Each structure stands twice: as C-alpha cells, then as structure tokens.
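Each remark here refers to the structure printed beneath this line.
The values are calculated or read from the model by the stated rules, or taken from the named source; none is laboratory data. The structure presented is a predicted model; accordingly, all values stated were derived computationally and were not measured. Note that we place each Cβ from the backbone using ideal geometry, even for glycine, and neighbour counts take in every protein chain shown. These area figures cover heavy atoms from the full protein model, side chains too; ligands, DNA and RNA do not enter into them. Shrake-Rupley method; radii C 1.70, N 1.55, O 1.52, S 1.80 Å.
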Amino acid sequence: DAGVTQSPTHLIKTRGQQVTLRCSPISGHKSVSWYQQVLGQGPQFIFQYYEKEERGRGNFPDRFSARQFPNYSSELNVNALLLGDSALYLCASREGPPSGELFFGEGSRLTVL
Amino acid sequence: AQSVTQLGSHVSVSEGALVLLRCNYSSSVPPYLFWYVQYPNQGLQLLLKYTTGATLVKGINGFEAEFKKSETSFHLTKPSAHMSDAAEYFCAVSEGTSYDKVIFGPGTSLSVIP
C-alpha cells in the first residue's frame, strides 16, 4: 500500500506569493495533520482535519489555511509568503478514533526568497 | 498545555555503546507518548509508542523506552549503537483523545562514532 504522498517535493517562491501544498493520506485514513519543520527544530503543529472538518489549529497566522476533500486528501495554502515561511512542510495521516500513530510523508520543502 | 523537552540537542556515542536520549513531558491528562526518528531529507518514522499498559515499550531497531509517570519522563535507550542509528530523534506527546494534536520536542541529533 502507498504511504502518505505529498507534492510538490521542492519549490521556490518569492516573498508575497502564494503556495499550495498537497497531501494524499494512506488509504483508509480519515485524519490529516499538517506540520511545519524549520531547519534544526521539531515539527510544529499547524492543522488537523478529520472527516473534512477542522479539528485543531496551531499558533499560526491567518495566512495559513487548509482543507480536506471528500477523498480525504488535503491542501495547505499559505498566502503572502514571508522569508520565515521557508521550511519543510510535513503531512501526516492516521486512522480515526482512537488516537494512534501518525504516518508522515516525505514533506514539501519550501524556500522563500 | 502539553509540552516536550529533550535534554541535549546533540548526543555523540561510540559504535557499540549505550544510547540514551532524554525526554520529559508535561500533560494535564495521562499522555500518549511517542518517539520518532528522522533521517536526512526524509519524513518522520515511528520508533515506538506508549499508550496504556506496560510502561516499558519496545520498538523497532532495538530501541526501547520506559514511561515513568512520577518523573514525567520517557527516555529512549538502545544497548548498542550502530552507525545506521545516526539521525534526528523526536519525542512527542498527545492527550490520547480522538482528535488531539501531537506535540513534538525540539529533537536530539545522534551521532555514532566508529
């Protein structure tokens, strides 16, 4: 079975632009979470979606938004990019309740110039 | 609020020596605890997890961790380090409810010296 897949794997943007990152969870997994990992730090929680509803939001500005589609895939959008948004964006999926382990994708590495 | 601290941002051990990576957490409810490993330019892979039951948890690649509630700790150990263990290790905590978020520590970079 395929694992969590993310696209694109690498991208370069300039300040002020907008970016959309995509994630396909493991088949059967209904929960998707997004994390931002700045170089040298641990992943920081951005969003969690379950059954197409937002279930949690981390301490990120409104420039960050996400959604989950009927097939449980997800998109993360970041508007008005700043240099500080440069990071590895990780998507993770897991089965529904009860809580279980997160399965991570390889990430999308965003560089903002 | 939940949080995770990892003592030592970088740990070096000799090949064949004991690996000990420290993790302390804070949680207002009985936590679920995890250790993840990240190799360069890759995502995170689960090493082991504690949810309920036995406090000594065995994971993949010979790693194990012990949940000590009184010390709010979940240290990761491996009796004998291998070169392939060199990676970044993250301790994480969640509240164990249906839709909770997982909070990660800052990570510990493990180097193995031949």
Return only the number of the condition from (1) in a loop (DSSP other than H, G, I, E, B); (2) open to solvent by 60 Å² or more (accessible area, probe 1.4 Å); (3) more than 14 Å from chain A (Cβ to nearest Cβ); (4) not acidic (Asp, Glu) that B:Ser12 does not satisfy. (1)
Read through the list (1) loosely packed, with under 14 Cβ neighbours inside 10 Å; (2) of a type outside the set (Lys, Arg); (3) within 14 Å of chain B (Cβ to nearest Cβ), then give the number of the only condition that A:Gly56 fails. (1)
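Out of curiosity, is B:Thr5 within 12 Å of another protein chain (Cβ to nearest Cβ), over 18 Å from A:Gly40 (Cβ atoms) and either out of contact with any Cys (no Cβ under 6 Å at 6 or more places or on another chain) or of a type in the set (S, T, N, Q) (or both)? Walk me through it before giving the result.
Numbers: within 12 Å of another protein chain (Cβ to nearest Cβ): yes; over 18 Å from A:Gly40 (Cβ atoms): no; either out of contact with any Cys (no Cβ under 6 Å at 6 or more places or on another chain) or of a type in the set (S, T, N, Q) (or both): yes.
The answer is no for B:Thr5.
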Given the conditions (1) within 13 Å of the chain's Cα centre (by Cα); (2) closer than 26 Å to A:Gly107 by Cα, which single one is not true for B:Pro40? (1)
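Looking only at the stretch B:22-55, count every residue that is under 17 Å from B:Lys78 (Cα atoms), in contact with a Lys or Arg (Cβ under 9 Å, 6 or more places away or on another chain) and more than 10 Å from chain A (Cβ to nearest Cβ) and tell me the total.
2
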How many residues of the stretch B:66-104 are within 14 Å of chain A (Cβ to nearest Cβ) and either at positive phi or modelled with pLDDT of 95 or more (or both)? The answer is 6
For B:Gly59, all conditions in the list (1) free of Cβ contacts under 8 Å to residues at least 24 places away in the same chain; (2) under 27 Å from A:Pro25 (Cβ atoms) hold save one; what is the number of the exception? (1)
Pairs please, first residue from the stretch A:70-90 and in contact (Cβ under 8 Å) with a residue 24 or more places away in the chain and among the hydrophobic types (A, V, I, L, M, F, W, C), second anywhere and buried (at least 16 other Cβ atoms within 10 Å of the Cβ) and not in a strand (DSSP E or B), Cβ atoms under 8 Å, 6+ apart in sequence or on different chains. A:Val78/A:Asp85; A:Leu88/A:Gly107; A:Leu90/A:Pro43; A:Leu90/A:Gly105; A:Leu90/A:Gly107; A:Leu90/B:Gly43
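Are any of the residues in the stretch A:13-23 out of contact with any helix residue (DSSP H, G or I) (no Cβ under 9 Å at 6 or more places or on another chain), within 14 Å of chain B (Cβ to nearest Cβ), more than 11 Å from A:Tyr89 (Cβ to Cβ) and not aromatic (Phe, Trp, Tyr)?
The initial filter retains those residues of the stretch A:13-23 that are out of contact with any helix residue (DSSP H, G or I) (no Cβ under 9 Å at 6 or more places or on another chain), namely A:14, A:16-18, A:20-23.
If we keep only those that are within 14 Å of chain B (Cβ to nearest Cβ) too, we end up with A:21, A:23.
Add one more test, that the residue is more than 11 Å from A:Tyr89 (Cβ to Cβ), and what stays is none.
Within the stretch A:13-23, not a single residue is out of contact with any helix residue (DSSP H, G or I) (no Cβ under 9 Å at 6 or more places or on another chain), within 14 Å of chain B (Cβ to nearest Cβ), more than 11 Å from A:Tyr89 (Cβ to Cβ) and not aromatic (Phe, Trp, Tyr).
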Which residue, of A:Glu95, A:Glu75, is at pLDDT below 95 and either at positive phi or open to solvent by 20 Å² or more (accessible area, probe 1.4 Å) (or both)? A:Glu95
Considering the stretch A:27-45 alone, what residues qualify as being touching a residue at least 60 places away in the same chain (Cβ under 8 Å), more than 8 Å from chain B (Cβ to nearest Cβ) and over 17 Å from A:Ala2 (Cα atoms)? A:Gln37
A:Tyr49 fails exactly one of the following numbered conditions: (1) over 19 Å from A:Ala87 (Cβ atoms); (2) within 14 Å of another protein chain (Cβ to nearest Cβ); (3) open to solvent by 30 Å² or more (accessible area, probe 1.4 Å). What is the number of that condition? (3)
